[in-house]
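Asker: Provided herewith is a single structure, encoded as structure tokens, for subsequent inquiry.
The values are calculated or read from the model by the stated rules, or taken from the named source; none is laboratory data. This one's a predicted model, so the numbers in the text were calculated from it and none came from an experiment. Here Cβ is always computed from backbone atoms with ideal geometry, including for glycine, and neighbour counts include all displayed protein chains.
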Amino acid sequence: MQALLFDPSASRLPVAGLASRIRPDLALRWRSPLSLRELPEPASPGADWVRLRVLRTGICGSDVKEALLQASSDNPLSGLISFPHVPGHEILAEVATGHGSAGLADGTRIAVDPWLGCVARGLLNLCPACSAGFPPHCANVLNGGPWGTGRGMHLGTVRDLPGGFAQIIQAHSSQLHPIPDGLPLELVVLADPLAVALHAVSQLPGQPEGPVLVLGAGTIGLSLALACRERWPKSEIMVTAAWENQVELVRAMGAEPLAPDAAGVVPEMARRGGGRLARPWRGGSWAVGGGGSVVFDSIGSAATTELALRALAPRGQLVTVGVGRPARTETTLTYYKEVRVLGSNGYGMSAEGSKPRHLLDCALELLEKNSDLASGWVTHSLPLSRWQEAFAAAARPDHSRSIKVSLRLWED
């Protein structure tokens, strides 16, 4: 089978790292750690695992950062990954061998929950996180599983258990989620990021007392805006959008686009939240006495963290959903405003309602309900043979005007 393999060998990293600093897309061509290979099909790890034919996989921002070597060398999450591996976790696939407890016929098309918790690892005694329905915090993440010794958080990070950039994969039956009949297949790659957004929004109980700000209008940012609109239909929702195509998508869902510069965002949030502006000796202004009630940061850079702190009202809440490279950040306002900072990672079972549901199922239903709206989010879809072009488009949204880029694993 064909697959994209990420192999950070010593012979590839120095050249690719230099190329990435010169121009990001060059790192995809000069001895890139990511390359298209012919690999053997993965063997079945056990009776509860299902052979899948991958139809389409979305390129996540984390895939781009890995391929272009944009993460810091001391990123803690590198301790939860095994190499070499086949990346990809935003997966649309069809059952190629229906068996075990999945109860799905061959040809059934499904979305894949990529997270590998105790159930997928074949453990009878579930850790506390998996018992609560949240495998992203599985206590056994440092272990391998029935597939072998490779450790990893989810499909796409594990040696010997290929992710979605492989034509054939194995997934545990518990990871398979049938697609609603009315959902266009090309939108299924949005289900994973939308589930991430639903989890982030669900961490905040009650109705926000003031305006809500989303930083970034990529796939996660738009998903956060949609999740906010669904949960808080009466709230003012604003989204920073850098390019005209993003502005149009933000407006289409009833949110208000803002230019991403702090000089515009902070005064606007202060005005809408009933605050005033303080102007320090150096640096930008910040909201005093009012501002945003909640800020969702889909970018997670030092700059967006500082922007969020400047724009928030006292005792506002910052929810960090993205991860950027570490850099100096002025965090004094965390102390002064008593800001509550939350991280939001992945998704699992909804903790709300009398009958908890898996958030991937909730995301699929929400996409079906808003399919006309979400159709503009999938901007690029290319065959696997053009993977370099696809990753370059995802890496340079300023140039390509991309939102979600996906790869088709089999030629049309």
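Asker: Checking the condition among the β-branched types (Val, Ile, Thr), surrounded by fewer than 22 Cβ atoms within 10 Å (Cβ to Cβ) and at pLDDT 95 or above, which residue from Ile179, Ile169 passes?
Answerer: Answer to the check: Ile179.
Asker: Pick from Arg51, Arg56, Arg37: which is assigned to a strand (DSSP E or B) and farther than 24 Å from His177 by Cα?
Answerer: None of the others qualify; the one that does is Arg37.
Asker: Take segment 108-129 and flag every residue that is farther than 13 Å from His172 by Cβ and in contact (Cβ under 8 Å) with a residue 40 or more places away in the chain.
Answerer: Residues satisfying the conditions are Thr108, Arg109, Ala111.
Asker: OK, next. With respect to Pro383, determine if the residue is modelled with pLDDT of 95 or more, out of contact with any Gly (no Cβ under 6 Å at 6 or more places or on another chain) and either under 30 Å from Ala120 (Cβ atoms) or not assigned by TED's automatic domain parsing to the domain that holds Gly264 (or both).
Answerer: yes
Asker: Just wondering, is there one or more residues in segment 92-111 that are more than 19 Å from Leu364 (Cα to Cα) and outside any loop (DSSP other than H, G, I, E, B)?
Answerer: yes
Asker: So Ala327 passes all but one of these: (1) farther than 27 Å from Asp192 by Cα; (2) surrounded by 24 or more Cβ atoms within 10 Å (Cβ to Cβ). Which condition number does it fail?
Answerer: Checking Ala327 against (1) farther than 27 Å from Asp192 by Cα; (2) surrounded by 24 or more Cβ atoms within 10 Å (Cβ to Cβ), the one that fails is (2).
Asker: Okay, next question. Taking segment 319-367 as the region of interest, how many residues are β-branched (Val, Ile, Thr), assigned to a helix (DSSP H, G or I) and within 23 Å of Cys60 (Cα to Cα)?
Answerer: 0
Asker: Still on this structure, please answer the following. Out of the residues in segment 368-387 meeting the condition of being part of a helix (DSSP H, G or I) and free of Cβ contacts under 8 Å to residues at least 40 places away in the same chain, tell me which one is farthest from His177 (Cα to Cα).
Answerer: Only one residue fits best here, namely Arg386.
Asker: Next question, about the same structure. Inspect all residues belonging to segment 232-240 and state whether any of them is part of a helix (DSSP H, G or I) and either over 24 Å from Ser344 (Cβ atoms) or assigned by TED's automatic domain parsing to the domain that holds Glu306 (or both).
Answerer: no
Asker: Of these, Ala132, Ala105, Ala139, which one is without any contact (Cβ under 8 Å) to a residue 12 or more places away in the chain, assigned by TED's automatic domain parsing to the domain that holds Phe83 and surrounded by fewer than 18 Cβ atoms within 10 Å (Cβ to Cβ)?
Answerer: Ala105
Asker: If you don't mind, another one. Which one is nearest to Val54 (Cα to Cα) among residues in segment 159-180 that are assigned to a helix (DSSP H, G or I) and small (Gly, Ala, Ser)?
Answerer: The residue in question is Ser173.
Asker: Also, I was wondering about something else. Pairs, please: C-beta under 6 Å, at least 6 apart or cross-chain, first residue touching a residue at least 40 places away in the same chain (Cβ under 8 Å) and surrounded by fewer than 24 Cβ atoms within 10 Å (Cβ to Cβ) and in segment 208-229, second among the β-branched types (Val, Ile, Thr) and outside any helix (DSSP H, G or I)?
Answerer: If the second residue must be among the β-branched types (Val, Ile, Thr) and outside any helix (DSSP H, G or I), the pairs left are Pro208/Val294.
Asker: Filter segment 274-292 for residues that are closer than 9 Å to Leu312 by Cα and in a loop (DSSP other than H, G, I, E, B); which is farthest from the chain's Cα centre (by Cα)?
Answerer: The selected residue is Gly290.
Asker: In segment 300-328, what count of residues is obtained for those that are closer than 17 Å to Ala287 by Cα and not charged (D, E, K, R)?
Answerer: 13
Asker: So for segment 197-204 (the condition being farther than 30 Å from Ala105 by Cβ and over 18 Å from the mean Cα position of the chain (by Cα)), does at least one residue qualify?
Answerer: Yes, segment 197-204 has at least one match.
Asker: With the condition kept exactly as written, say whether any residue in segment 302-320 is among the charged types (D, E, K, R), farther than 22 Å from Ala394 by Cβ and in contact with a strand residue (DSSP E or B) (Cβ under 9 Å, 6 or more places away or on another chain).
Answerer: Yes.
Asker: Determine whether segment 336-350 contains at least one residue that is within 30 Å of Gly289 (Cβ to Cβ), out of contact with any strand residue (DSSP E or B) (no Cβ under 7 Å at 6 or more places or on another chain) and either surrounded by fewer than 16 Cβ atoms within 10 Å (Cβ to Cβ) or of a type outside the set (Ser, Thr, Tyr) (or both).
Answerer: Scanning segment 336-350 turns up at least one residue that is within 30 Å of Gly289 (Cβ to Cβ), out of contact with any strand residue (DSSP E or B) (no Cβ under 7 Å at 6 or more places or on another chain) and either surrounded by fewer than 16 Cβ atoms within 10 Å (Cβ to Cβ) or of a type outside the set (Ser, Thr, Tyr) (or both).
Asker: Continuing with this model, one more query. Take Thr305 and tell me if it is in a helix (DSSP H, G or I) and in the same structural domain as Leu213 (by TED's automatic domain parsing).
Answerer: Taking the combined requirement at face value, the residue satisfies it.
Asker: Tell me which of these Met269 doesn't satisfy, since it passes every other one: (1) more than 22 Å from the chain's Cα centre (by Cα); (2) part of a helix (DSSP H, G or I); (3) free of Cβ contacts under 8 Å to residues at least 40 places away in the same chain.
Answerer: Here Met269 clears every test but (3).
Asker: Next question. Taking Ser350 and the conditions (1) under 15 Å from Ala227 (Cα atoms); (2) in the same structural domain as Arg279 (by TED's automatic domain parsing); (3) at pLDDT below 95, which numbered condition does it fall short on, given that it satisfies the others?
Answerer: (2)
Residue by residue, here is whether (1) touching a strand residue (DSSP E or B) at 6+ places or on another chain (Cβ under 6 Å); (2) aliphatic (A, V, I, L, M); (3) in contact (Cβ under 8 Å) with a residue 12 or more places away in the chain; (4) not in a helix (DSSP H, G or I) holds:
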position: Gly182; (1), (2), (3), (4): no, no, yes, yes
position: Glu186; (1), (2), (3), (4): yes, no, yes, no
position: Leu198; (1), (2), (3), (4): no, yes, yes, no
position: Pro205; (1), (2), (3), (4): no, no, no, yes
position: Gly254; (1), (2), (3), (4): no, no, yes, yes
position: Pro260; (1), (2), (3), (4): yes, no, yes, yes
position: Gly300; (1), (2), (3), (4): yes, no, yes, yes
